[in-house]
Amino acid sequence: MFTNLRDDFPTLRGENAPAYLDNACVTLKPDSVINSITDYYSMYPGCGGRSVHRYGTQVSRLVSEARHSVANFINAKSTNEVVFTRNATHSINQIAKGMTWSEGDVVITGDREHNSNLVPWLQLVEEKGIDHRIVESNPDNTFNMQKFEDLCEEVGERLKLVSLSHVGNLDGISIPIKQITKVAHQYDALMAVDGAQSTPHMRVDVQDLDIDFLSFSIHKMCGPSGMGGLWGRYELLESLRSIQSGGQTVETSYYDSLKWAAPPSKFEGGLGNFAGMIASGKAIQYLSKLDMNAVHEHEIKLNNIITNKIKHLDAIEIIGPENANQRGGICSILMGDLPSHDIAILLDEAAGIMVRSGQHCVHSWFNSRGYDNGSLRASAYFYNTEEDANLFADTFTEAVEAFG
Ligand SMILES: Cc1ncc(COP(=O)(O)O)c(C=O)c1O
């Protein structure tokens, strides 16, 4: 269905295109994104938001267009609610370190969080004495609503923030954010969503979900490396402290005082990555032309192909429910005693298949279960084909049988 789009991606053109299945880490980039970076440096390499000459004005216009595209894509009420960041990690840190904490304030996260939605909270435990609680998943890694409600009830009015990944990079499982948000709000707590693995792959509507913050990785959305986004309700962004103050973050300053700029400027201190912002706009414009529900369905279809071909292998175990429909485009495989890094290298060298091996920055999950070997993860995107899925499943099966 998306096959004709493969021509838009330089790395997918020609005979030797890889079966690129490491999209949960970073996605490939289409021509429009790559060209916009060259255009910035070769045609208008100026500074947006400050200089008023032609270069500056052109950059300001394109950055504003990019912000508008992001706002539309996630259905933000206003472009001023969209902050460009370096990555989702930066966005989550901005929330964690920009809020005001008292000792004993509770933050709830899940037990399958990426380090980026765990370490900032552990840091606040160390530095501010917050109380970090973890809601335990069901044995198959799906969300346990009852345990979440019980935990909220136990901590009561001390609950200040719930911060959960919408879709886990560990296993592709999505959680019922809308329902969870309803509960969090009953306790007057804020709901922060780590959308690094959902925003690229499905329709994410911040108003419909009724959440308070959304962090996302633009480099996982066909955009440039080093770009992410933070969306927050405007009034919350107004009260959030900037973690990078300086140029761009104030309306004016005196020797002894300052007047903060309004969001999003307040959070975008220093000369921006203008090429990155403009290219982010192109990436989001590219995705905006796709039916995101169809993207999600396509990834599930490919995951079903992979799952059905490998699930019988005794030496391995797929993380999460056997049913691929519950794991989006991610098939993450526990390798037992098999050498997952060696198999990942072999897949690339023998058949041009690129996957990720290791603990995928979810060390806490693997460590708590003694899975030192991590997993081997195949993650699909709209440009992947049934041939990619079959090639991976068949070559992986051969490798497992050869090493086993
Ligand atoms: C669920 C999840 N959260 C956060 C991150 C961190 O994203 P970034 O690399 O943009 O900081 C990732 C990256 O893989 C992720 O998968």
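If each residue of separation counts as 0.36 nm, what is the full-extension length gain between residue 103 and residue 149 once their alpha-carbon separation is subtracted?
14.3 nm
Applied to region 29-41, the Karplus parametrisation 6.51 cos²θ - 1.76 cosθ + 1.60 on θ = phi - 60° returns per-residue 3J(HN,Hα) values of 10, x, 3, 4, 6, 5, 5, 5, 6, 4, 4, 4, 6 Hz, with x for Gly and Pro. Based on the Stokes-Einstein relation at 25 °C and a viscosity of 0.890 mPa s, and on the Kirkwood radius from alpha carbon pairs, region 244-333 is assigned a translational diffusion coefficient of 141 µm²/s. Decide, for region 1-144, between rounded, prolate and oblate: order the square roots of the alpha carbon gyration tensor eigenvalues as a ≥ b ≥ c, take rounded if a/c falls under 1.5, and otherwise choose prolate if a/b is larger than b/c, else oblate. It is oblate, given that a/c is not under 1.5 and a/b is not larger than b/c. Taking one quarter of the surface of the convex hull spanned by the alpha-carbon atoms of region 44-288 gives a direction-averaged projected area of 13.5 nm². Taking every DSSP beta bridge that has both ends in the chain, the antiparallel portion is near 55%. In this simple spin-label approximation, residue 397 and residue 259 carry label points 7 Å from Cα along the Cα→Cβ vector, and these lie 6.9 nm apart. Beta-bridge orientation, region 80-224: approximately 5 percent antiparallel, per DSSP, counting only bridges with both partners inside.
With both labels modelled 7 Å from their Cα along Cα-to-Cβ, the residue 41 to residue 387 distance reads 3.2 nm. Between 290, 391, 161, the GNM of the chain built on Cα springs shorter than 10 angstrom shows 290 fluctuating the most.
Modelled spin labels at residue 369 and residue 13, positioned 7 Å past Cα toward Cβ, are 4.2 nm from each other. One chain, two ends: residue 208 and residue 157. Fully extended at 0.36 nm per residue, the span grows by 15.8 nm beyond their Cα-Cα distance. Using only side-chain charges placed at the Cβ, +1 for Lys and Arg and -1 for Asp and Glu, the dipole size of region 1-151 relative to its Cα centre rounds to 840 debye.
Simple point charges give the picture: +1 on the Cβ of Lys and Arg, -1 on the Cβ of Asp and Glu, and for the chain a dipole about the Cα centre of about 1520 debye.
A protection proxy built from the mean count of other Cβ atoms within 10 Å ranks the segments 1-9, 359-367, 215-223, most packed first, as 215-223, 359-367, 1-9. Between residue 351 and residue 2, residue separation times 0.36 nm minus the direct Cα-Cα distance comes to 123.4 nm.
Which one of 352, 294, 393 has its Cα pushed farthest toward the positive end of the charge dipole of region 289-396, where Lys and Arg give +1 and Asp and Glu give -1 at the Cβ? Selected residue: 294. The residue among 58, 164, 75 whose Cα reaches farthest toward the positive pole of the charge dipole of the chain, with charges on the beta-carbon of Lys, Arg, Asp and Glu, is 58.
Tell me the mean residue ellipticity at 222 nm calculated for the chain from its helices only (DSSP H runs of n ≥ 4, each -39500 (n - 2.57), averaged over every residue, nearest 500).
Using -39500 (n - 2.57) per qualifying helix, the result is -12000 deg cm²/dmol.
Evaluated at q = 0.15, 0.21, 0.25, 0.31 Å⁻¹, a Debye calculation over the C-alpha positions of region 170-222 (equal weights, vacuum) places log10 I(q)/I(0) at -0.42, -0.78, -1.02, -1.32.
Each value in this text was obtained by applying a stated rule to the coordinates, not by laboratory testing. Computed from a predicted structure; not experimentally measured. Cβ: placed from backbone, ideal geometry, glycine included. Neighbour counts: every protein chain shown.
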